[in-house]
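A.B. asks: If you scroll down you'll find the structure; I have some questions about it.
The values are calculated or read from the model by the stated rules, or taken from the named source; none is laboratory data. Keep in mind it's a predicted model, so treat the numbers as computed, not measured. Cβ placement follows ideal geometry from the backbone for every residue including glycine, while neighbour counts extend to all protein chains displayed.
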Amino acid sequence: MDRDLPEVDPVEMIKIRMEDFGFNTTTLAKENGDKGTVSKVLNYKQSLSLAMIRKFSHLLKIPAERLIKEYPLKKAI
């Protein structure tokens, strides 16, 4: 659980830490309040909000500065 954090985009970082802690989308939704939004973020369809960055940083023990990095979103078809 305390492995070094790799240099990956914020979404991959969240996924890695979810695995480290045994969390799933529902776990993050309980912290954030909306499973649909969490799912969109994890599927690169929506950016992390400042509120999510704060909550996920605390929950997943990820420095907030690692979560504020820009990353590409998938375009809707």
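A.B. asks: Using the structure shown, decide if Lys69 is of a type in the set (Lys, Arg) and modelled with pLDDT of 95 or more.
C.D. replies: no
A.B. asks: Next question. Hey, can you tell me all the residues within segment 51-62 that are part of a helix (DSSP H, G or I) and surrounded by fewer than 15 Cβ atoms within 10 Å (Cβ to Cβ)? Break it down into steps so the answer makes sense when it comes.
C.D. replies: The first filter runs over segment 51-62 and keeps only residues part of a helix (DSSP H, G or I), leaving 51-60.
Answer for segment 51-62, where residues must be part of a helix (DSSP H, G or I) and surrounded by fewer than 15 Cβ atoms within 10 Å (Cβ to Cβ): Ala51, Arg54, His58.
A.B. asks: Can you find a residue in segment 36-50 that is of a type in the set (D, E, K, R), touching a residue at least 12 places away in the same chain (Cβ under 8 Å), outside any loop (DSSP other than H, G, I, E, B) and farther than 11 Å from Ile14 by Cβ? Break it down stepwise before answering.
C.D. replies: So the first thing to find is which residues in segment 36-50 are of a type in the set (D, E, K, R), and the list is 40, 45.
Next, from what is left, pick out any that are touching a residue at least 12 places away in the same chain (Cβ under 8 Å): 45.
When the remaining residues are screened for being outside any loop (DSSP other than H, G, I, E, B), the result is none.
Checked segment 36-50: no residue is of a type in the set (D, E, K, R), touching a residue at least 12 places away in the same chain (Cβ under 8 Å), outside any loop (DSSP other than H, G, I, E, B) and farther than 11 Å from Ile14 by Cβ.
A.B. asks: Filter segment 63-77 down to the residues that are part of a helix (DSSP H, G or I), free of Cβ contacts under 8 Å to residues at least 60 places away in the same chain and surrounded by 14 or more Cβ atoms within 10 Å (Cβ to Cβ) and list them by number.
C.D. replies: Taking segment 63-77 and keeping what is part of a helix (DSSP H, G or I), we get 64-67.
Going one step further and asking which of them are free of Cβ contacts under 8 Å to residues at least 60 places away in the same chain, we end up with 64-65, 67.
The answer is Leu67, and nothing else.
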